[in-house]
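See below for the structure under consideration.
Every number here is computed from the coordinates shown, using simple stated rules; none is lab data. The structure displayed is predicted, hence computed values, not measured ones. FYI the Cβ positions are ideal-geometry reconstructions off the backbone, even for glycines, and counts take in every protein chain you see.
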Amino acid sequence: MLNNWVVMPTCLPTVLRRCHTCASERFRANGKFRVNANHKLLDAWVLVLCTACGDTAKLTVLERMNVRSVRPELLDRMHDNDPGLAAELLQDPAVRCRNRIALDWAGAWRLDTGGSDHLDREVGDAIDVSVRFAARIPVRPVRLIAEGCGLSRAEVERLITEGKLVSAVRLSGKLSGDFTFTLKR
């Protein structure tokens, strides 16, 4: 029987960038945008607030773009301060590289196991689990498996060593892409 788990964001991640006012390194995105037009050229930014002093910083999304080259739906979503668009843009590698930022997902995601209880299984049973990521959230698979199965991380590591927990992907390190694993009890 295949169980489906989903790693879901619960809020926007913390933006890691140095504040020019107070030297803090954490900013909170609230889904607000600033769009500025200068004749036929358009600039757009995602606004983020410093968690220490509240100062606003702008993360460049569009820079000196011709108004006609910007999709009207994108512009409408920016004018409406769409938090979903802010989440998409913060996860875009080009936006992160251009603005020299990193994301901290601590406390901004949850694991939805569909309510299935894996501890009631008989010894000798095997469970197959497919883990899907709703967003590119880097998480250690060992942590997900421990949380989803109600085990300690050390117990999960032991199961991997004993060959009772197997996957086609490497379970050490962090993953942000879908994977499957089989747990033999």
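How far, in nm, would the chain grow between R185 and A168 when pulled straight, counting 0.36 nm per residue and subtracting the alpha carbon separation? Please list the in-between numbers first.
Numbers: separation 17, 0.36 × 17 = 6.12 nm, distance 1.85 nm.
Length difference between fully extended and current span is 4.3 nm.
For Kirkwood radius over Cα pairs in Å, one of (i) 18.4; (ii) 17.0; (iii) 18.9 was computed from the structure I shared and the rest are decoys. Which label?
Working out Kirkwood radius over Cα pairs in Å from the coordinates points to (iii).
Under a Cβ-Cβ cut-off of 14 Å, what is the net charge of the residues other than W109 that fall near it, where Lys and Arg count +1 and Asp and Glu count -1? Walk me through the numbers before you get to the answer.
Values: positive: R110, R132, R136, R140, R143, K174; negative: D104, D112, E147.
Spelling it out: positives minus negatives among the neighbours equals +3.
Can you work out the PRE-style zone for R64? Point 7 Å along Cα to Cβ, and I want the residues of the stretch 28-46 with backbone N under 14 Å.
Label zone hits: 38-44.
If a/c stays under 1.5 just call it rounded; otherwise compare a/b with b/c (prolate if a/b is bigger, oblate if not). Do that for the stretch 31-105, with a ≥ b ≥ c from the square roots of the Cα gyration tensor eigenvalues.
Details: a/c = 1.72, a/b = 1.63, b/c = 1.06.
It is prolate, given that a/c is not under 1.5 and a/b is the larger ratio.
Any chance you could count the Lys pairs in the chain whose alpha carbons are under 25 Å apart, treating pairs 8 or more apart or on different chains as valid? Can you show the working numbers first?
Working: K32/K40; K32/K58; K40/K58; K164/K174; K164/K184; K174/K184.
Value for the chain: 6.
For A23 paired with H79, estimate the spin-label separation in nm (one decimal), with each label point 7 Å from Cα along the Cα-to-Cβ line.
Simple spin-label model gives 4.3 nm for this pair.
Can you give the net charge of the other residues whose Cβ lies under 11 Å from the Cβ of L41, counting K and R as +1 and D and E as -1? Don't jump to the answer; show the numbers that get you there.
Working: positive: K40, R64, R68; negative: D43, E63.
Summing Lys/Arg as +1 and Asp/Glu as -1 gives +1.
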